[in-house]
Amino acid sequence: MRSRRSLGRLAAVVVTGAIVLAGCTDSGSEEGRTPGESEASEASDGGSHGGMEHPMDGGPAPEGMASAEDPEFPVGTEVTLTADHMEGMEGATATISGAFDTTTYSVSFTPTDGGEPVTDHKWVVHEELENPGEAPLAEGTEVVITADHMTGMEGAEATIDSATEETVYMVDYEADGMMMTNHKWVVESEIEPAR
């Protein structure tokens with residue numbers, strides 16, 4: 001009798017999980033994605049990030065990052081994004097989930113999973129590079145990325161395209177019906193006060 005109840009509970013959990021997963025994949029996302037995979041979003045900047053998958057939750061900031069002492073947009077502030085790193089980002093309302101003082105880089109790299117080369121990826125912070133040395137790194141410097149913002153990024157060899165010392169932010173925002181939390185990264189010039 002006890003095993004029948006356990007079996008019944010297991011079946012209920014499996015059915016509920018299937019319904020939840022079906023709901024998650026029915027919002028215009030790619031078919032065939034397995035549970036736990038990240039949401040794919042294509043960039044609107046000519047496709048330099050096209051087809052790359054970004055996690056819906058970016059997780060915490062890397063260890064050792066210094067929180068900004070007096071950021072223009074403190075944690076919890078509602079803002080409007082002007083960046084177009086991904087589809088649905090430009091013009092989106094977002095909430096600041098982290099503000100940091102560091103050097104932030106645009107990089108070009110070939111994903112470790114054999115994907116198409118990514119050019120001018122915005123952004124990777126100094127703390128997401130393997131043994132980077134002193135900041136800022138010069139344009140053309142070759143580095144190894146330790147960040148996993150998208151599939152094939154972690155461990156990829158990259159080239160620094162540009163650097164900025166602007167305050168850099170993590171943000172929570174909704175794009176194409178999916179909530180992105182702790183999205184990394186948006187620099188201060190890509191943010192406006194909420195409209």
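The values are calculated or read from the model by the stated rules, or taken from the named source; none is laboratory data. Since the structure is predicted, the reported quantities are computational estimates derived from the model, not experimental observations. We place every Cβ from the backbone using ideal geometry, glycine too, and count neighbours over all the protein chains shown. These area figures cover heavy atoms from the full protein model, side chains too; ligands, DNA and RNA do not enter into them. Shrake-Rupley method; radii C 1.70, N 1.55, O 1.52, S 1.80 Å.
So the values come out like this:
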| item | result |
| --- | --- |
| Subset of segment 116-129 that is surrounded by fewer than 22 Cβ atoms within 10 Å (Cβ to Cβ) and in contact (Cβ under 8 Å) with a residue 60 or more places away in the chain - its residue that is farthest from THR104 (Cα to Cα) | GLU116 |
| Qualifying residue in segment 149-159 (condition: at positive phi and crowded, with 18+ Cβ neighbours inside 10 Å) | yes |
| For ASP148: the one exception among (1) part of a strand (DSSP E or B); (2) closer than 13 Å to GLY58 by Cβ; (3) of a type in the set (D, E, K, R) | (1) |
| Residue pairs meeting the criteria (Cβ under 6 Å; at least 6 apart or on separate chains; first within 17 Å of GLU142 (Cα to Cα), in segment 155-174; second among the aromatic types (Phe, Trp, Tyr) and not in a loop (DSSP other than H, G, I, E, B)) | ALA156/PHE109; ALA158/PHE109; ILE160/TYR105; ALA163/TYR105 |
| Index of the failed condition, GLY64 passing every other in (1) modelled with pLDDT of 95 or more; (2) farther than 15 Å from SER189 by Cα; (3) open to solvent by 10 Å² or more (accessible area, probe 1.4 Å) | (1) |
| Lone qualifier among ALA83, ALA99 - being open to solvent by less than 20 Å² (accessible area, probe 1.4 Å) and assigned to a strand (DSSP E or B) | ALA99 |
| GLY50 at pLDDT below 95, open to solvent by 30 Å² or more (accessible area, probe 1.4 Å), closer than 22 Å to THR151 by Cα and of a type outside the set (S, T, N, Q) | yes |
| Criterion violated by ASP113 - all others in (1) open to solvent by 50 Å² or more (accessible area, probe 1.4 Å); (2) in a strand (DSSP E or B) satisfied | (2) |
| Filtered residues of segment 51-80 (kept if touching a Pro at 6+ places or on another chain (Cβ under 9 Å) and not in a loop (DSSP other than H, G, I, E, B)) | GLU78, VAL79, THR80 |
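Per-residue answers, yes or no, for (1) farther than 13 Å from THR93 by Cα; (2) part of a loop (DSSP other than H, G, I, E, B); (3) of a type in the set (Lys, Arg):
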| position | (1), (2), (3) |
| --- | --- |
| GLU154 | yes, yes, no |
| ILE160 | yes, no, no |
| GLU166 | yes, yes, no |
| TYR169 | yes, no, no |
| GLU174 | no, no, no |
| THR181 | no, no, no |
| TRP185 | yes, no, no |
| SER189 | yes, no, no |
| GLU192 | no, no, no |
